[in-house]
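Below is one structure, written out as structure tokens; comments come after it.
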Amino acid sequence: MSCSLPGLGSARVGVSSVEGEAPAVRSGPAGVDKHGSRPPDPAHTWRAAPDDLVPRLAAAQLAAADRTLFRRVQELTLGGWDDARIAETVAASAERAFALLEGSLKDYAVR
């Protein structure tokens with residue numbers, strides 16, 4: 001299922017699960033993935049001043065929305081919901097989540 005995220009374009013919302021598969025457990029330092037790499041620093045990506053916290057704050061807000069929506073998918077999956085119902089529910093939640101962020105981020109990093 002696709003949904004349009006105000007000011008951020010469109011996204012596909014889908015559900016995939018493997019029966020009996022346990023959630024992934026991360027180990028190692030915070031911010032380092034299982035392959036040992038760190039995500040790019042938003043301040044560097046947007047060529048911001050080293051002491052400018054805005055890129056990191058914006059990235060944190062977007063990551064929090066993504067993480068929250070992902071956890072919701074997990075909850076609904078474990079609750080036995082079917083894929084279509086999960087996709088519909090999470091798409092509506094994503095619309096709301098990103099609409100809330102749009103107010104504060106709509107003019108940020110616009111080219």
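The values are calculated or read from the model by the stated rules, or taken from the named source; none is laboratory data. In this text the structure is predicted, and so the values were computed from the model without any measurement. Positions of Cβ are generated from backbone atoms using ideal geometry, with glycine treated the same way; all protein chains shown enter the neighbour counts.
Descriptive notes on the structure:
- Close Cβ contacts (under 6 Å, 6 or more residues apart or on different chains) running from residues in the stretch 39-60 that are closer than 23 Å to A97 by Cα to residues that are charged (D, E, K, R) and modelled with pLDDT of 75 or more comprise P42/R56.
- The single condition from (1) modelled with pLDDT of 95 or more; (2) under 14 Å from the mean Cα position of the chain (by Cα) that F98 fails is (1).
- Any chance L101 is of a type outside the set (G, A, S), under 21 Å from A48 (Cα atoms) and either surrounded by 16 or more Cβ atoms within 10 Å (Cβ to Cβ) or in contact with a His (Cβ under 8 Å, 6 or more places away or on another chain) (or both): yes
- Count of residues meeting criterion [without any contact (Cβ under 8 Å) to a residue 24 or more places away in the chain and either under 19 Å from A58 (Cα atoms) or polar (S, T, N, Q) (or both)] in the stretch 85-99: 2
- Per the conditions (1) modelled with pLDDT of 95 or more; (2) surrounded by fewer than 14 Cβ atoms within 10 Å (Cβ to Cβ); (3) not in a helix (DSSP H, G or I), the sole criterion not satisfied by P40 is (1).
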